[in-house]
Structure formats: C-alpha cells, structure tokens
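Written out below as structure tokens is the structure these notes cover.
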Amino acid sequence: LERVRQAAGALAAAGLNRGDRAAILAENRPEWALADYACLSAGVVDVPIYATLTPGQVAYILKDAGAKLVFVSDAVQLEKVQSVRGEVPELEQVVVFDPPGGGLPAGVTSWADFLASGSGAMDDAAFRAMADQVAPGDLATILYTSGTTGDPKGVMLTHRNLSSNVLASSRVLPIDERDTTLSFLPLSHVFQRMVDYLLFHRGCVIAYARS
C-alpha cells in the first residue's frame, strides 16, 4: 500500500492526470503490479507491452496509445525505448526498475527515485479519496492485439470489465489467504493479470517467476 501510494503520488508529480496513459514494458515482477495498482488508483490508463516485442513494435504501441510515461524492467528494455524515443514525441519520462550502472540519460529515472518523488505527496485518506473517484465505467487499461491481422489494435477495458471477472471467478474458485500462488503467464496478457487481481482480492500470497 505504501509503495502504491508513493507511486501514485509520483505519477501526479510527473504531470500525469486522470485519463493520461502510462505503459509497462517489463517481465513479471512485483514492481509490475505496483505500477499497475498505482495507475488504476490514480485513474491513469496503463498500457501493458510484451517484453519480447521489438523496438519498432514498442514504438508503435507507445505512439498509438499516446503514452506520457513508460515503466521498463532493465537495461535491455530501456535500450529498446531509448532507441525509438525520437519516434514517440509524447513520451516524457522513462522509469526503470533495475537501472544500469553508470548513470541514467535525461528523461530516465530509477524506480527508487520515482517512488521518492511521490513520498509524502498524499496521506492515506487523500490516496483513498483519489482512488474512490475512479468510476466503474472509467477506462482502466488498453491492451494491444498481437498484430497478426495487421497493425496492433488497442482494446479498451474499463474497471468494471476487470472487476466483474474477478468477482465472478471468486465465487467458483476456492482460494483464500492460506494459499500461495505462482504468477508466470505474462502480466501483459489480460488472463494472468485478471487472475492476479483475483488472488490479490482473495488475500493470497503471489510469487513471481521472472524468467
């Protein structure tokens, strides 16, 4: 909760407002979920991108979605974004979970520094009030198709689209806080992401397989 609150404050400090888009280009890991929860709580529309995509494919999605910020996992994903940054004029900031050594270029910040920029931005009451302003019918995320039938297309999902699946699944899957689960399918695909929301909702421990 504390990290999500910091990240939500950092999004605001970075100039992202409700309805703006932030992308996530990373393999499964706790920071993926924390960035996602922060966006959802702040009303920022997040755009998952498969970590296996080429720089050109990444550029297309970032540009089409109008992403102002992108979270990346490491030096490999950072290089993809940096190599096409000139093609994405709306992209203002890159946040890297595992920053490479030797300093970061302009417009790139580490996850730790990003969280620090949102530390103390809002207390728990302000954070919850912000999250409560997000309506079920608001756009939550844009998922891009594989592009096998042409250019990838953005699928717009609301908070209700996601929560209705979580609540329906919770009625038939007997899981609770006594269970530990492994998240290994890509979080950039809606199936594992929805399942992880279900696990989080039921109080399960979630373990992430990075490889």
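The values are calculated or read from the model by the stated rules, or taken from the named source; none is laboratory data. Quick caveat, the model's predicted, so the values are computed rather than measured. Don't worry about glycine lacking a Cβ; one is built from the backbone with ideal geometry, like all the others, and counts go over all protein chains shown. Remember, those area values only see protein heavy atoms, side chains included, never the ligands or the DNA or RNA. Shrake-Rupley method; radii C 1.70, N 1.55, O 1.52, S 1.80 Å.
Taking the conditions exactly as written (open to solvent by less than 20 Å² (accessible area, probe 1.4 Å), assigned to a strand (DSSP E or B), under 17 Å from N17 (Cα atoms) and not aromatic (F, W, Y)), does L69 satisfy them or not?
Working: open to solvent by less than 20 Å² (accessible area, probe 1.4 Å): yes; assigned to a strand (DSSP E or B): yes; under 17 Å from N17 (Cα atoms): yes; not aromatic (F, W, Y): yes.
For L69, the condition - open to solvent by less than 20 Å² (accessible area, probe 1.4 Å), assigned to a strand (DSSP E or B), under 17 Å from N17 (Cα atoms) and not aromatic (F, W, Y) - is met.
Looking only at segment 97-112, which residues are surrounded by 14 or more Cβ atoms within 10 Å (Cβ to Cβ) and farther than 30 Å from V166 by Cβ?
P99, P100, L104, V108, T109, S110
So, in segment 72-96, how many residues would count as being open to solvent by 30 Å² or more (accessible area, probe 1.4 Å) and assigned to a strand (DSSP E or B)?
Total meeting the criteria: 1.
Got a number for residues in segment 1-41 being basic (K, R) and either free of Cβ contacts under 8 Å to residues at least 60 places away in the same chain or part of a strand (DSSP E or B) (or both)?
Going through segment 1-41 one residue at a time, the tally reaches 1.
Identify, from the list A140, A129, the residue that is in contact (Cβ under 8 Å) with a residue 60 or more places away in the chain and among the hydrophobic types (A, V, I, L, M, F, W, C). Steps first, please.
Numbers: A129 fails: in contact (Cβ under 8 Å) with a residue 60 or more places away in the chain.
Unique residue meeting the criteria: A140.
Conditions tested, residue by residue: (1) surrounded by 12 or more Cβ atoms within 10 Å (Cβ to Cβ); (2) at positive phi; (3) acidic (D, E).
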residue: A135; (1), (2), (3): no, no, no
residue: L139; (1), (2), (3): yes, no, no
residue: Y144; (1), (2), (3): yes, no, no
residue: G154; (1), (2), (3): yes, no, no
residue: S163; (1), (2), (3): yes, no, no
residue: V172; (1), (2), (3): no, no, no
residue: E177; (1), (2), (3): no, no, yes
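Can you name the strands (runs of 3 or more DSSP E) wholly within segment 101-211 that have at least 1 residues being over 21 Å from D20 (Cβ atoms) and out of contact with any Lys or Arg (no Cβ under 8 Å at 6 or more places or on another chain)? Walk me through how you get there before you give the answer.
Working: elements: 108-110, 139-144, 154-158, 180-183, 205-208.
Where strands (runs of 3 or more DSSP E) fall fully within segment 101-211 and carry at least 1 residues being over 21 Å from D20 (Cβ atoms) and out of contact with any Lys or Arg (no Cβ under 8 Å at 6 or more places or on another chain), they are 108-110, 180-183, 205-208.
Looking for whichever is out of contact with any strand residue (DSSP E or B) (no Cβ under 9 Å at 6 or more places or on another chain), at pLDDT 95 or above and surrounded by fewer than 21 Cβ atoms within 10 Å (Cβ to Cβ) here; the options are Y60, Y37. Which one fits?
Sole residue among the options that is out of contact with any strand residue (DSSP E or B) (no Cβ under 9 Å at 6 or more places or on another chain), at pLDDT 95 or above and surrounded by fewer than 21 Cβ atoms within 10 Å (Cβ to Cβ): Y37.
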